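Below: one structure, written as structure tokens.
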Amino acid sequence: MANIINRQQTFSTNGTVTAAGLHNLIDTALVNSAIIKNQQEITTIGTADLLLIAPDSVDSALAPRKVTVQNLFDDGLTSGTFTTINLTGALTYGTATGDRTVSTTATISTATIDRLTAGTTTSTSGAITNLTAGTTTSTAANITNGTVQTLTASTANITVGTYSGAINSTLGTIATLNSTTGTIGNFTTTLTGDVTISTGSATVGTRVAVLNTAQQYSRAHNFSATALTITSGTVPWNLAENQVATLSVTTNSTMNTPTNPQAGCTYVLIVTQGTGGSNTLSFSTAYKFPGGSAPVLSTGSAQVDVLSFVTNGTVLYGVSSQNFS
């Protein structure tokens, strides 16, 4: 490094310059010619290497100040703001501080990123205003490969990936979904293809209707027999709730016109004569019997009659089997 020339040495006008005076002027200069010419390229820079900086806060007449590479990067990275920066490798220099992590495997060719925290992120084109990988909320996303911990999306195309947490989708296409364990709380969809369960078993905790397909069952499928109630001598029967019903006749009664009959359905009424017997049961005009004659109940106490009906949606056509005792 060169020192500042000794400006305290003076010479009178037209005076004599002595050798001693000349030496006093230039001996402290020690100008290194390599500073002026024949510079050699430094291929490796250390944190203790020195640079010359001319601060804008000092007199321009003064020589530049020296600073280590370490301090240069510490100050520049801690308090500086970079609007445009291109990095091809990891930035881990000295003791630089601040909230910044650059992944050696991240490739972002075109993007605007305000804040990004990610382990491995590859993007060819995109505008990311706020992304924290781990929990990501998006209205539309194309994810070709990755692990999504929690995904909430209204529209999404998911082709390959491993997903844990909750998937809520009201509209979208899931090309391939592989899950070894998990719970789908509410799944509503209109299928255009087939659902195939190749191995294992499927358990359904509610009703499943299969339309336009003949089915054979290996276990009994039954209707729950429900007791009808006599109210002021009349008996209502809601066929939507009671396809098989029981009735204990304890007083002379009349079957009201039933509600909610479905064309083609069959209905069964099991009638038991009450204590003491001889109670009668009449029928509204919605009930029709062979020959136009309604059956007469068995009169003995605890005797049972079974009435079976089929309907066209309006009228119940019935036959009776009597005196089961």
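The values are calculated or read from the model by the stated rules, or taken from the named source; none is laboratory data. Quick caveat, the model's predicted, so the values are computed rather than measured. Glycine gets a Cβ as well: all are built from the backbone with ideal geometry, and neighbour counts include every protein chain shown.
When residues of the stretch 260-277 are filtered for being modelled with pLDDT of 95 or more and more than 17 Å from ASN238 (Cβ to Cβ), how many remain?
Total satisfying the criteria: 4.
Among the candidates LEU297, LEU269, which residue alone is under 18 Å from ILE230 (Cα atoms) and within 60 Å of the chain's Cα centre (by Cα)?
Sole residue among the options that is under 18 Å from ILE230 (Cα atoms) and within 60 Å of the chain's Cα centre (by Cα): LEU269.
Just to be sure before I move on: is THR257 at pLDDT 95 or above and at negative phi in the structure I sent?
Against the criterion (at pLDDT 95 or above and at negative phi), THR257 qualifies.
What single numbered condition from (1) farther than 21 Å from VAL304 by Cβ; (2) touching a residue at least 40 places away in the same chain (Cβ under 8 Å); (3) in contact with a Ser or Thr (Cβ under 6 Å, 6 or more places away or on another chain) fails to hold for THR234?
If we test THR234 against (1) farther than 21 Å from VAL304 by Cβ; (2) touching a residue at least 40 places away in the same chain (Cβ under 8 Å); (3) in contact with a Ser or Thr (Cβ under 6 Å, 6 or more places away or on another chain), just (2) comes out false.
For the stretch 274-295, name all the residues that are exposed (fewer than 13 other Cβ atoms within 10 Å of the Cβ), free of Cβ contacts under 8 Å to residues at least 24 places away in the same chain and assigned to a loop (DSSP other than H, G, I, E, B).
Result: SER293, single match.
Among the listed residues PHE73, PHE11, identify the single one that is modelled with pLDDT of 65 or more, aromatic (Phe, Trp, Tyr) and either assigned to a strand (DSSP E or B) or within 55 Å of the chain's Cα centre (by Cα) (or both).
Checking each option against the conditions leaves just PHE73.
Here is a yes/no grid of residues against (1) among the hydrophobic types (A, V, I, L, M, F, W, C); (2) in a loop (DSSP other than H, G, I, E, B); (3) surrounded by fewer than 16 Cβ atoms within 10 Å (Cβ to Cβ):
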site: PHE223; (1), (2), (3): yes, yes, yes
site: ALA240; (1), (2), (3): yes, yes, yes
site: ALA245; (1), (2), (3): yes, no, no
site: SER248; (1), (2), (3): no, no, no
site: THR257; (1), (2), (3): no, yes, yes
site: PRO261; (1), (2), (3): no, yes, no
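Looking only at the stretch 313-325, which residues are surrounded by 13 or more Cβ atoms within 10 Å (Cβ to Cβ) and in a loop (DSSP other than H, G, I, E, B)?
Result: VAL315, single match.
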